[in-house]
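The values are calculated or read from the model by the stated rules, or taken from the named source; none is laboratory data. What you are looking at is a predicted structure, and each value in this text was computed from that prediction instead of being measured. FYI the Cβ positions are ideal-geometry reconstructions off the backbone, even for glycines, and counts take in every protein chain you see.
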Amino acid sequence: MLITPAFAQSSGGLAEGGFGLLPIIFVMVIFYFLLIRPQQKRAKQHKEMLAAIRRGDKIVTSGGLTGTVVKVLDDIDTVEVEIAKDVKVNVVRAMIADIRGKTEPVKK
């Protein structure tokens with residue numbers, strides 16, 4: 001016969017001892033520190049920013065609209081924003097992308 005049977009070669013003892021998974025674990029750790037952790041940090045900062053919105057703040061929505069916050073209620077998830085003179089819209093808090101101008105707290 002011209003074709004000889006192929007026998008499975010045994011690999012070294014190092015690969016069987018768990019070192020075969022080492023590169024995969026190393027890549028997962030790199031992904032965690034370069035992608036997942038910064039994204040979680042950014043989400044936490046955005047949540048804190050949304051909780052700190054006050055009347056008079058200049059905001060930018062994720063759709064690109066800019067305006068001034070007119071009314072904020074803590075028990076609902078929308079804020080009332082004035083986008084032009086006498087033009088007010090309700091915006092869901094999660095759609096606020098940035099606060100451009102922060103005002104001093106309003107005295108009661």
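Summary of computed values
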read-out	value
Boolean, I99 is outside any strand (DSSP E or B) and either more than 19 Å from Q45 (Cβ to Cβ) or at pLDDT below 95 (or both)	no
Given (1) free of Cβ contacts under 8 Å to residues at least 12 places away in the same chain; (2) outside any loop (DSSP other than H, G, I, E, B); (3) of a type in the set (D, E, K, R), number of the condition D75 does not satisfy	(2)
Among (1) of a type outside the set (D, E); (2) closer than 30 Å to M95 by Cα; (3) at pLDDT 90 or above - the single one I76 does not satisfy	(3)
